[in-house]
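Below is one structure, written out as structure tokens, with a few remarks after it.
The values are calculated or read from the model by the stated rules, or taken from the named source; none is laboratory data. Keep in mind the model is a prediction, meaning the values are calculated, not measured. Counting neighbours? That spans all protein chains shown, and the Cβs are built from the backbone with ideal geometry, glycine included.
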Amino acid sequence: SHCYEVNEDILLRPLTMKDAQQSYDVVCKNRSHLKPSLPWVEHVNCLEDEVKWLKSSMQDIQNGTSLQMGIFETKTSKLIGMCGFVNISDRNGWIGYWLGSDFTGKGLMTQCCRKVMEIGFQKLKLKKLIIHAKPENRKSQAVAERLGFVCNGELQNVLYFGVESEMMVYECT
Ligand SMILES: CC(C)(COP(=O)(O)OP(=O)(O)OC[C@H]1O[C@@H](n2cnc3c(N)ncnc32)[C@H](O)[C@@H]1OP(=O)(O)O)[C@@H](O)C(=O)NCCC(=O)NCCS
């Protein structure tokens, strides 16, 4: 499958079954960091849960309905986070992302998202890219703003993995 160089140290590529254990371990290590913004974390409680998610994610990539990718340290093949399209439909692409807490504060996600934007507009020919962020998730909003996304309002009562929340809607066309 495809592999995209982000800088000399990190790359993006879709996960394969071989990444299941490593990706499960990163989620476990970062549970409290991810839980406030990513309610799916509570549904990943054993390796089998991760494998199930991985299978459906790989299927979605085949179908062209999402493109979630691992962020890997090129030298070590260590997984440090995820970034990509959590949903693709009607030539809109919804971008989602997270980083292991050891890797935040270095500008890495902004760089990864720039690559994802390029993939979205140039390769997938999407017309609009969208980022949803909770009003309290300032770090995620800051990523969207650095990328030049504009906040076009808020959605109320967005249901995501059984959790309802407000979402600020950032868009880039
Ligand atoms: C959202 C998330 C990925 C943001 O991570 P991040 O490290 O703040 O984002 P970036 O990688 O773009 O780095 C920006 C930070 O690095 C700093 N930085 C250092 N060098 C930089 C550079 N060359 N370029 C840009 N920023 C740089 C910035 O000042 C900023 O730090 P600050 O917030 O303390 O000012 C992270 O907080 C996370 O994983 N959160 C949990 C999951 C989540 O909320 N996902 C999004 C759901 S909508």
Inset, instruction - Would you mind stating whether GLN156 is within 13 Å of the ligand (Cβ to nearest atom) and farther than 19 Å from ASN87 by Cβ? - result: no
Inset, instruction - Output the residues belonging to segment 141-173 that are modelled with pLDDT of 95 or more and aliphatic (A, V, I, L, M). - result: ALA142, VAL143, ALA144, LEU147, VAL150, LEU155, MET167, MET168, VAL169
Inset, instruction - Could you grab me the full set of residues in segment 73-103 that are more than 14 Å from the ligand (Cβ to nearest atom) and in a loop (DSSP other than H, G, I, E, B)? - result: THR74, LYS75, THR76, SER77, LYS78, ASP90, ARG91
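May I ask you to say which residue of ASN157, ASN63 is more than 23 Å from LEU15 (Cβ to Cβ) and among the polar types (S, T, N, Q)? Before you say what the answer is, go through the steps one by one.
Working: ASN63 fails: more than 23 Å from LEU15 (Cβ to Cβ).
On inspection, the qualifying residue turns out to be ASN157.
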